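Participant: Have a look at this one before I ask anything.
The values are calculated or read from the model by the stated rules, or taken from the named source; none is laboratory data. Keep in mind that this is a model prediction, so the values were computed, not measured. For neighbour counting, all protein chains shown are included, and Cβ atoms are generated from backbone atoms with ideal geometry for every residue, glycine included. Ligands, DNA and RNA are stripped out before the accessible areas are found, and what is left, the full protein with its side chains, is counted by its heavy atoms. Shrake-Rupley method; radii C 1.70, N 1.55, O 1.52, S 1.80 Å.
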Amino acid sequence: MDNTLQDLLTLVEKGSVEQRCAALLVLGALKISNAATAKRVGTLLDSANPVLKDYALRYFEEVQPKNNPAQLLKMLDDGDKEMQERAVRSLTGVGQAAVTLLIQGSQDATRVWQMNAARVLAAVRGKAALKGLLQMLSGGTDETNKVICDLLTPALREMEGKELDAFYDEVERFAAKLDVKQQRPAAVSTMRLLGQLGRPQARRWLFKYIGADQHPAVRAHALVALLRCLREQELRKDEYAKLLPILEESEYSEVTRLVIDLLDTHDLPEDSRALLAKLMQSPHSDLQKFALRKMGDVATPASIRTLVEELGDPDYRKRDVAASSLRKIPEARNVLLKELAACEDPSKAWSIAELLPSFDGKWRQDTLDGLWKRLQQAIAAEERIQTAFIHVLKSADLEFVYDRLADQGAKLVKGKKYKESVGFLAPLRDFGEFKPEHRYSLALAHLKLHAHTLATNRQHPAIELLAGLYRSSAYPVFETLRKEKNLAPEELFALGFSLVERTGPERGLGIDLLEHVAAKFPRNKIGKNAKNKLKLIGS
């Protein structure tokens, strides 16, 4: 075997191209992996002949000689990208034996070599490999360090337990040695890693670098890391002292936005009221909305009034934020009720109407009476704001507002004020139970208002209401219409005529009405018309 091996190595060194390639294939097939063989084959990796280089690399892929991975290192920045990829795979297969050589070689290597070495180290992992990646970060650029951090991301996801603890300790020690102003790319990368690790204990180091004296990129990455590290953690007094002044900086920046995101998940201290009042005057809407959100944390009579005023803001986003803060303040209920009673703005009234059901508390009778009075005024004036008052009263006392609307509507129908009655009776359609007698009253009001359009309007509101009432209840529709003193014969005829043109059960109601008109007014023109219509339909 020794003689055969020697012959093969001689061919590798001195044979023709074809002989060398054949010898390399045999060495790979025999899994010859001693140092002398690896060294001899390794010299071909520098060959100008791409075929020899290919077969030499194929040998290493077959054998993966762990005792001499140095031969593969030179391929990490080969001009052929495919060669680079194959070298990366082979070195990854070598494993820990390649780590020290990769770390040592990265110091003066090309960027391509470093990036491929980082790929191997991230795949191999282990304490030495991960420490080596941190060393590469210390002197790297923004671009190279971003690549290294991206390579570490999947590795971190796969770590658990002691391995993760050990890596955090390494990152923490690495961070402590950094000169952040001189090694900004390394500092930013360290912050990215600490954020991915999400350990609360990283807060002490990260909070050092959020101040205005730091580079904007450093501040932003420190805050992003803090957002991840402080999930479900309480902020400390000294930490608030570092965060809150950032909101008052003259320029609204990414740093400001990140501070808002961080503080949004924490209750503010009591002494931040003055700051919130100041932020409400900020020209930047995000700071105004933040102040509105946090006023619920430090509620005062003044802040409640401010929030209630914002419910009328033209910007729906500010209205929503103010409403969300008010929900946290039980004391806001009485302020909202007083504001609603005096409100003239439909949009603001609706914001209040949607808010009030979220508060606990009994409804006083004088409050209900006051809102009912305001609703009457709104209906009489045909104001859009009426729907907000109905919404509030329905959530407060459904029976109260139903009875009041029904009674007032019936009273107006009786007084022949049909137009006014519709304003009170029509909202009853949106209640869970629309009682038959009130449905009839609304139909009568529509009939009196629009009798002249019965013949031309197939969807006439009076016809739809009466047809639905006739089909779905035991209410004596015909008897009530027959006895209705406020309906003229012409109106009864027009109603009956329209109903017999339909195909549902209500057609029978139309026939009954026409028969009634024909029988009661046999000599009048309207009676004769009714009789003729009955003949035409074969009744």
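Participant: So is Ala36 open to solvent by 10 Å² or more (accessible area, probe 1.4 Å), free of Cβ contacts under 8 Å to residues at least 24 places away in the same chain and assigned to a helix (DSSP H, G or I) or not?
Facilitator: no
Participant: Tally the residues that are in a helix (DSSP H, G or I) and open to solvent by 40 Å² or more (accessible area, probe 1.4 Å), restricting the search to the range 354-366.
Facilitator: 5
Participant: Scan (1) assigned to a helix (DSSP H, G or I); (2) of a type outside the set (Asp, Glu); (3) open to solvent by 20 Å² or more (accessible area, probe 1.4 Å); (4) more than 24 Å from Ala29 (Cα to Cα) for the single condition Leu152 breaks and write down its number.
Facilitator: Of the numbered conditions (1) assigned to a helix (DSSP H, G or I); (2) of a type outside the set (Asp, Glu); (3) open to solvent by 20 Å² or more (accessible area, probe 1.4 Å); (4) more than 24 Å from Ala29 (Cα to Cα), the odd one out for Leu152 is (3).
Participant: Shifting gears a bit: Assigned to a helix (DSSP H, G or I), open to solvent by less than 80 Å² (accessible area, probe 1.4 Å) and in contact with a Ser or Thr (Cβ under 6 Å, 6 or more places away or on another chain): does that describe Leu133?
Facilitator: For Leu133, the condition - assigned to a helix (DSSP H, G or I), open to solvent by less than 80 Å² (accessible area, probe 1.4 Å) and in contact with a Ser or Thr (Cβ under 6 Å, 6 or more places away or on another chain) - is not met.
Participant: Of all residues in the range 214-271 being of a type in the set (Ser, Thr, Tyr) and in contact (Cβ under 8 Å) with a residue 24 or more places away in the chain, which is surrounded by the fewest Cβ atoms within 10 Å (Cβ to Cβ)?
Facilitator: Thr265
Participant: In the range 294-323, what residues are among the aliphatic types (A, V, I, L, M), assigned to a helix (DSSP H, G or I) and modelled with pLDDT of 90 or more?
Facilitator: Ile304, Leu307, Val308, Val321, Ala322, Ala323, listed by residue number.
Participant: Of Glu163, Glu143, which residue is open to solvent by 60 Å² or more (accessible area, probe 1.4 Å), assigned to a helix (DSSP H, G or I) and more than 23 Å from Gly198 (Cβ to Cβ)?
Facilitator: Just a single option satisfies the conditions, and that option is Glu143.
Participant: Let me ask something additional. Check every one of the helices (runs of 4 or more DSSP H) wholly within the range 379-464 and list those with 1 or more residues that are free of Cβ contacts under 8 Å to residues at least 60 places away in the same chain, open to solvent by 30 Å² or more (accessible area, probe 1.4 Å) and hydroxyl-bearing (Ser, Thr, Tyr).
Facilitator: 386-396
Residues checked against (1) over 23 Å from the mean Cα position of the chain (by Cα); (2) hydroxyl-bearing (Ser, Thr, Tyr):
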position: His284; (1), (2): no, no
position: Pro314; (1), (2): no, no
position: Ser324; (1), (2): no, yes
position: Ile329; (1), (2): yes, no
position: Arg333; (1), (2): yes, no
position: Leu337; (1), (2): yes, no
position: Leu340; (1), (2): yes, no
position: Ala349; (1), (2): yes, no
position: Phe389; (1), (2): yes, no
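Participant: Which condition from (1) open to solvent by 40 Å² or more (accessible area, probe 1.4 Å); (2) assigned to a helix (DSSP H, G or I); (3) under 23 Å from Ala109 (Cα atoms) is the one that Ala48 breaks?
Facilitator: Among (1) open to solvent by 40 Å² or more (accessible area, probe 1.4 Å); (2) assigned to a helix (DSSP H, G or I); (3) under 23 Å from Ala109 (Cα atoms), Ala48 violates only (2).
Participant: Working only within the range 108-129, note down all residues that are of a type in the set (A, V, I, L, M, F, W, C) and more than 36 Å from the chain's Cα centre (by Cα).
Facilitator: Of everything in the range 108-129, those that are of a type in the set (A, V, I, L, M, F, W, C) and more than 36 Å from the chain's Cα centre (by Cα) turn out to be Ala109, Val112, Trp113, Met115, Ala117, Ala118, Val120, Leu121, Val124, Ala128, Ala129.
Participant: State the number of residues belonging to the range 250-263 that are under 13 Å from Ala220 (Cβ atoms) and assigned to a loop (DSSP other than H, G, I, E, B).
Facilitator: 1
Participant: Looking at the range 324-353, which of the residues that are out of contact with any helix residue (DSSP H, G or I) (no Cβ under 7 Å at 6 or more places or on another chain) and either of a type in the set (Asp, Glu) or under 14 Å from Gly312 (Cβ atoms) (or both) is surrounded by the fewest Cβ atoms within 10 Å (Cβ to Cβ)?
Facilitator: If we take residues in the range 324-353 being out of contact with any helix residue (DSSP H, G or I) (no Cβ under 7 Å at 6 or more places or on another chain) and either of a type in the set (Asp, Glu) or under 14 Å from Gly312 (Cβ atoms) (or both), then Ala342 is surrounded by the fewest Cβ atoms within 10 Å (Cβ to Cβ).
Participant: Is it the case that Leu206 is open to solvent by less than 30 Å² (accessible area, probe 1.4 Å), over 28 Å from Ala118 (Cα atoms) and out of contact with any Lys or Arg (no Cβ under 7 Å at 6 or more places or on another chain)?
Facilitator: Against the criterion (open to solvent by less than 30 Å² (accessible area, probe 1.4 Å), over 28 Å from Ala118 (Cα atoms) and out of contact with any Lys or Arg (no Cβ under 7 Å at 6 or more places or on another chain)), Leu206 does not qualify.
Participant: If you go through the range 17-33, how many residues are open to solvent by less than 70 Å² (accessible area, probe 1.4 Å), touching a residue at least 12 places away in the same chain (Cβ under 8 Å) and either part of a helix (DSSP H, G or I) or among the hydroxyl-bearing types (Ser, Thr, Tyr) (or both)?
Facilitator: Within the range 17-33, residues that are open to solvent by less than 70 Å² (accessible area, probe 1.4 Å), touching a residue at least 12 places away in the same chain (Cβ under 8 Å) and either part of a helix (DSSP H, G or I) or among the hydroxyl-bearing types (Ser, Thr, Tyr) (or both) number 9.
Participant: I'd like to know if the range 288-296 contains one or more residues that are closer than 18 Å to Ser250 by Cα, open to solvent by less than 10 Å² (accessible area, probe 1.4 Å) and touching a residue at least 40 places away in the same chain (Cβ under 8 Å).
Facilitator: Within the range 288-296 (the criterion being closer than 18 Å to Ser250 by Cα, open to solvent by less than 10 Å² (accessible area, probe 1.4 Å) and touching a residue at least 40 places away in the same chain (Cβ under 8 Å)), the answer is yes, since at least one residue qualifies.
Participant: When you go through (1) under 15 Å from Leu45 (Cβ atoms); (2) touching a helix residue (DSSP H, G or I) at 6+ places or on another chain (Cβ under 7 Å) one by one for Leu133, which number turns out not to apply?
Facilitator: Only one criterion in (1) under 15 Å from Leu45 (Cβ atoms); (2) touching a helix residue (DSSP H, G or I) at 6+ places or on another chain (Cβ under 7 Å) is unmet by Leu133, namely (1).
Participant: Among Leu227, Leu243, Leu164, which is modelled with pLDDT under 95 and in contact with a Leu (Cβ under 9 Å, 6 or more places away or on another chain)?
Facilitator: Just a single option satisfies the conditions, and that option is Leu164.
Participant: Examine the range 260-283 for a residue that is among the acidic types (Asp, Glu), modelled with pLDDT of 90 or more, out of contact with any Lys or Arg (no Cβ under 8 Å at 6 or more places or on another chain) and more than 25 Å from Leu226 (Cβ to Cβ), and state whether such a residue exists.
Facilitator: No, every residue in the range 260-283 fails to be among the acidic types (Asp, Glu), modelled with pLDDT of 90 or more, out of contact with any Lys or Arg (no Cβ under 8 Å at 6 or more places or on another chain) and more than 25 Å from Leu226 (Cβ to Cβ).
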